[in-house]
Amino acid sequence: MTERRSLPSVDQLLRASSVTEWVAEYGRTLTVQAIREALEEARKRYLQNQSVPDDQELLEIIGYLLNTWIRPSLQPVINATGVILHTNLGRAPLSQAAIKAMNSVAQGYSNLEYDLDTGRRGSRLVHAEQLLQRITGAESALVVNNNASAILLVLTALARRRRVIIARSQLIEIGGGFRLPDVMAQSGARMVEVGTTNRVHLSDFQKALDNQPIALILRAHHSNFKIIGFTSEPGLSELVKLAHQAGVPLVDDLGSGAFLDTTQFGLGHEPMVQESLAAGADLVCFSGDKLLGGPQAGIIIGRTGLIDKLKKHPLARAVRADKVCLAGLSVTLTHYLKGEADREIPVWRMISYSLKDLQGRANQWLDQLRKGELLLGESTVGGGSLPEETLPTCLLALKLGSPNQAMVRLRQAPTPIVARLQENHLVLDPRTVLPEQDGVLLESLTQILKD
């Protein structure tokens, strides 16, 4: 045991060969900070009558501290849960073309707000707007940093200190405690609730319009839950007609933002952006990183007069999208224009996998591991989209002595792997594992099965 008085000084430790290498790698300031913290820990142990670390242990502590401090907390993981839009795991993985475009604009300068034709200042708003207009037929479009920002901007710019009608059945809360009534309060809009939690009639909206001045009607899609049983809500077309008769705009908050028909993939129908516009909604708001399959963004499309008001509002600058987002989103939208979204956008590729495709992939895993069994199971879309809708899948199931401990070890792998437990089995769903991740996945599983 090393005595306290024999602990080396900071200068002595700095002369150690390994510390010299750390100074070159991490910088002198950070290395000295790690040395001081290691020595302080040694002094605390002495005062608590514990073993004081020797020089070698001190070096190990210093190396551990430096590695811990510089290791990014945000890192890639392998999603083997079968939840396609896993909010905790970053939602939609991006297409290779989108990633390439984002890297390209991030590595140098770009014409973000520069008009190459005139040589004058341009607008970042044009880069995705024209693509959105062409895909949806909307008059105008605006991209902000997420859909919550989109709703906040719409309510602040168009309804501050004014009344907004919304059905009680649509006062939604999504992940992280985000509540629509709270956003409405933050915007300064005055919420007018109509109907009940399970039944809302067109006459409820009419009464509210008759009794007080209204700025707009807000419709929020039940993206992450279903109301079943004795229920009713007026359709979007009915609400649009009523709103326009009263001379107020109808804003449709779709959340997920599907451009493709989900029924063709064996799922229930998710309201499409194009359908909302066709029904006459004045503004439609949706996310870029859910069913659209792009980077995190909030997208607002609709009437030019309303979008222009949003663009000019001071809040628009605070919630604007950056160059990397706009580059990735633009390429993602191009996939839709070219009719290749189901092949190039990972979210739609995962949704479109057949059970036969997944059985073949899971069989390959089984052949290489030579342990486990295949089980039929279910994948989900997730991300607050298509609640209770599932897709058939084939799972690799491993019967282990301690499946919970195996889950921990997978999460601690060099590339963390997130799986799930089912009937005391560790199960992995190939639907959400990118094909290029198979090697890393199997290497980690092999190590766990070997130990």
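The values are calculated or read from the model by the stated rules, or taken from the named source; none is laboratory data. This structure is a prediction, so every number in the text was calculated from the model and none was measured. No Cβ is skipped: glycine too gets one built from the backbone with ideal geometry, and neighbour counts run over all protein chains shown.
Residues in the range 353-385 that are closer than 29 Å to residue 331 by Cα and either within 20 Å of the chain's Cα centre (by Cα) or modelled with pLDDT under 95 (or both): 379, 380, 381, 382, 383, 384, 385.
If I filter the range 169-185 for residues that are among the acidic types (Asp, Glu) and buried (at least 19 other Cβ atoms within 10 Å of the Cβ), do I get at least one hit? Checking the range 169-185: not a single residue is among the acidic types (Asp, Glu) and buried (at least 19 other Cβ atoms within 10 Å of the Cβ).
Entry remark, the range 247-277: residues being more than 21 Å from residue 335 (Cβ to Cβ) and surrounded by fewer than 18 Cβ atoms within 10 Å (Cβ to Cβ) number 4 in total. Of the helices (runs of 4 or more DSSP H) contained entirely in the range 1-85, not one carries at least 2 residues that are within 30 Å of residue 358 (Cβ to Cβ) and in contact (Cβ under 8 Å) with a residue 12 or more places away in the chain. Could you check the range 414-451 and list, in sequence order, the residues that are among the basic types (Lys, Arg) and touching a residue at least 60 places away in the same chain (Cβ under 8 Å)? Of everything in the range 414-451, those that are among the basic types (Lys, Arg) and touching a residue at least 60 places away in the same chain (Cβ under 8 Å) turn out to be 420, 431. Against the list (1) among the aliphatic types (A, V, I, L, M); (2) in a helix (DSSP H, G or I); (3) in contact with a Gly (Cβ under 8 Å, 6 or more places away or on another chain), the condition residue 391 fails is (2).
Taking the range 267-285 as the range and being part of a strand (DSSP E or B) and either touching a Leu at 6+ places or on another chain (Cβ under 7 Å) or over 16 Å from residue 235 (Cα atoms) (or both) as the test, the residues that pass are 283, 284, 285.
Taking the stated definitions as given, is residue 120 in contact with a helix residue (DSSP H, G or I) (Cβ under 8 Å, 6 or more places away or on another chain) and either on the phi < 0 side of the Ramachandran plot or among the β-branched types (Val, Ile, Thr) (or both)? In short, no. Kindly indicate whether residue 74 is at pLDDT 95 or above and surrounded by fewer than 19 Cβ atoms within 10 Å (Cβ to Cβ). Here the answer is no, as residue 74 does not meet what is asked.
Within the range 300-326, residues that are within 13 Å of residue 143 (Cα to Cα) sit with their Cβ atoms under 6 Å from residues that are surrounded by fewer than 17 Cβ atoms within 10 Å (Cβ to Cβ), at 6+ positions apart or across chains, in these pairs: 323/110; 323/112; 324/106.
Helices (runs of 4 or more DSSP H) fully within the range 152-266 that include at least 3 residues being among the polar types (S, T, N, Q): 202-211.
Within the range 96-103, identify whether any single residue is surrounded by 14 or more Cβ atoms within 10 Å (Cβ to Cβ), within 30 Å of residue 201 (Cβ to Cβ) and in contact with a Ser or Thr (Cβ under 9 Å, 6 or more places away or on another chain), and answer yes or no. Taking every residue of the range 96-103 in turn, none turns out to be surrounded by 14 or more Cβ atoms within 10 Å (Cβ to Cβ), within 30 Å of residue 201 (Cβ to Cβ) and in contact with a Ser or Thr (Cβ under 9 Å, 6 or more places away or on another chain). Taking the numbered list (1) modelled with pLDDT of 95 or more; (2) of a type in the set (A, V, I, L, M, F, W, C); (3) surrounded by fewer than 22 Cβ atoms within 10 Å (Cβ to Cβ) in turn, residue 155 passes all entries but (3). Only residues that are part of a loop (DSSP other than H, G, I, E, B), hydrophobic (A, V, I, L, M, F, W, C) and more than 28 Å from residue 250 (Cα to Cα) were counted in the range 306-358, giving 1. In the range 424-438 there is at least one residue that is surrounded by 12 or more Cβ atoms within 10 Å (Cβ to Cβ) and hydroxyl-bearing (Ser, Thr, Tyr).
Where residues in the range 338-352 are small (Gly, Ala, Ser) and under 21 Å from the mean Cα position of the chain (by Cα), which of them is nearest to residue 135 (Cα to Cα)? The selected residue is 341.
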